[in-house]
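Novice: The structure is given below, and queries will be raised subsequently.
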Amino acid sequence: EGSPIGISLIDREGLVRHWNSALGDLLEIERDQALDRSYVDVLPRSLAGHVRSGLYTLTRPERYYRVRIENQAGEERLINMAMSPLGGPEVIDGLLLTLDDVTEQAQMEEKLIQQDRLASVGMLAAGVAHEVNTPLTGISSFAQILLDETAEDDPRRKLLEKVVKQSQRASQIARGLLSISRGQEQQGELSLGPVDLTELAQETIGLIGPRIRKQRARVEVDTPDLPVVAQADRSRLQQVVMNLLLNALDAILPDGEIRLRAWVERDGMTR
C-alpha cells in the first residue's frame, strides 16, 4: 500500500482483487470502485488488451514501456507496466500488474532533447551566417561602387539601388542569426547595453519573414521619430520579441495585422 507504483491483482476470472492507493491516484478510480469488478471496466482500453491475452497465455513476466493511457479524468499519461503470472507452470491463477507513471520523466527528457536541438541549431546558424556574410559584404561593396559610377538618369541605377538594399537586408538577417547564436553560447551571462528597439524590431521581423509571408500577415512597427533605446541584453530581448511575434502569428487569422509599438515615457508623458 505504501508503494508509489500502482499495483493491482486480477484473478483468473478477470476480477480485481487488489488495488492500491497509487493506482487509484494514477487512474482516478478509488479502491472501493475497482474491487470485485472486471478489469475491463476499470482499466484503460490500451491496458485491458494486454491483460486479456495475459490471463490465458502469459508464462513469464512481461514489461511494456511508455504505454500511453487515458485515466477517468481524461488526462493522458505515460506508464511503464509489468505483468506477472501467478500460479503454477500449467495453471494461471491470476496476474499481478504494476504501473509506474513516467509522464513527468518523459516530459523532462523531451525538454533536454529540445535544448540540445536548439543548441545545435544555434551552432549551425552561426556557421551559416559567417559563411553567408562574407560574400554578401562583397556584393554590397561592388554594387555601391557601380552605383557611385552610374549617372542619376541611367535606367540601371534603380536596379543597383535594389541590389544594395537587398544585400544589406540579407546581411542584417545574418547578423541577427549571429546575435541569437551568441545568446545560446552565453546562457547565464547577462550582457547589458543600449538597444535601439526600432532597429531590433525590424531585424527580428526580417528573421521570421518567411513565416509572416506564409501567414499573409502584415506587421507594422509604430515608433516615434526619435530613437527608442533600452538598456538590455540584446540577444535575449530579441528572443522575447521573436517569441511574441510567433505567438501573435499563431493567434491571428490569415491576412491579419500585428503591430509593434515602442515609446518613451518621461514625466508621465508618452512621447
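The values are calculated or read from the model by the stated rules, or taken from the named source; none is laboratory data. Source: prediction; values computed, not measured. We place every Cβ from the backbone using ideal geometry, glycine too, and count neighbours over all the protein chains shown. SASA here: full protein model, heavy atoms, side chains in, ligands and nucleic acids out. Shrake-Rupley method; radii C 1.70, N 1.55, O 1.52, S 1.80 Å.
Novice: Note down all Cβ pairs under 8 Å where the first residue falls in the stretch 132-148 and is open to solvent by 30 Å² or more (accessible area, probe 1.4 Å), the second is polar (S, T, N, Q), and they're at least six residues apart or on different chains.
Specialist: ASN133/SER171; THR137/SER171; ILE139/SER167
Novice: Here's a follow-up. For the stretch 180-198, give me the residue count where each residue is surrounded by fewer than 18 Cβ atoms within 10 Å (Cβ to Cβ), among the polar types (S, T, N, Q) and at pLDDT below 70.
Specialist: Number of matching residues: 2.
Novice: Hey, does the stretch 199-219 have a residue that's surrounded by 15 or more Cβ atoms within 10 Å (Cβ to Cβ) and touching a Ser or Thr at 6+ places or on another chain (Cβ under 7 Å)?
Specialist: No, that holds for no residue.
Novice: For the stretch 72-112, what are the residues that are assigned to a loop (DSSP other than H, G, I, E, B) and open to solvent by less than 60 Å² (accessible area, probe 1.4 Å)?
Specialist: Within the stretch 72-112, GLY74, GLY88, VAL102 meet the criteria.
Novice: Right, another one. Taking the condition of being surrounded by 11 or more Cβ atoms within 10 Å (Cβ to Cβ) and either under 26 Å from the mean Cα position of the chain (by Cα) or without any contact (Cβ under 8 Å) to a residue 12 or more places away in the chain (or both), how many residues in the stretch 221-242 meet it?
Specialist: 11
Novice: Does THR204 meet the test of being over 23 Å from the mean Cα position of the chain (by Cα), in a helix (DSSP H, G or I) and β-branched (Val, Ile, Thr)?
Specialist: When the stated conditions are applied, THR204 does not pass them.
Novice: Which of the residues that make up the stretch 44-57 are in contact with a helix residue (DSSP H, G or I) (Cβ under 7 Å, 6 or more places away or on another chain) and either farther than 17 Å from GLN72 by Cα or modelled with pLDDT of 90 or more (or both)?
Specialist: VAL51
Novice: Select from the stretch 6-34 the residues that are part of a loop (DSSP other than H, G, I, E, B), open to solvent by 50 Å² or more (accessible area, probe 1.4 Å) and touching a strand residue (DSSP E or B) at 6+ places or on another chain (Cβ under 6 Å) and list them in ascending order.
Specialist: ARG12
Novice: Condition first: more than 13 Å from ASP196 (Cβ to Cβ), assigned to a helix (DSSP H, G or I) and touching a helix residue (DSSP H, G or I) at 6+ places or on another chain (Cβ under 8 Å). Now tell me which residues in the stretch 210-260 satisfy that.
Specialist: Once the filter is applied, which keeps residues that are more than 13 Å from ASP196 (Cβ to Cβ), assigned to a helix (DSSP H, G or I) and touching a helix residue (DSSP H, G or I) at 6+ places or on another chain (Cβ under 8 Å), the stretch 210-260 yields ARG211, ILE212, GLN215, SER235, ARG236, GLN239, MET242, LEU245, LEU246, LEU249.
Novice: Out of everything in the stretch 153-168 that is open to solvent by 100 Å² or more (accessible area, probe 1.4 Å) and among the basic types (Lys, Arg), what residue ends up being modelled with the lowest pLDDT?
Specialist: Looking at the filtered set, the residue picked out is LYS165.
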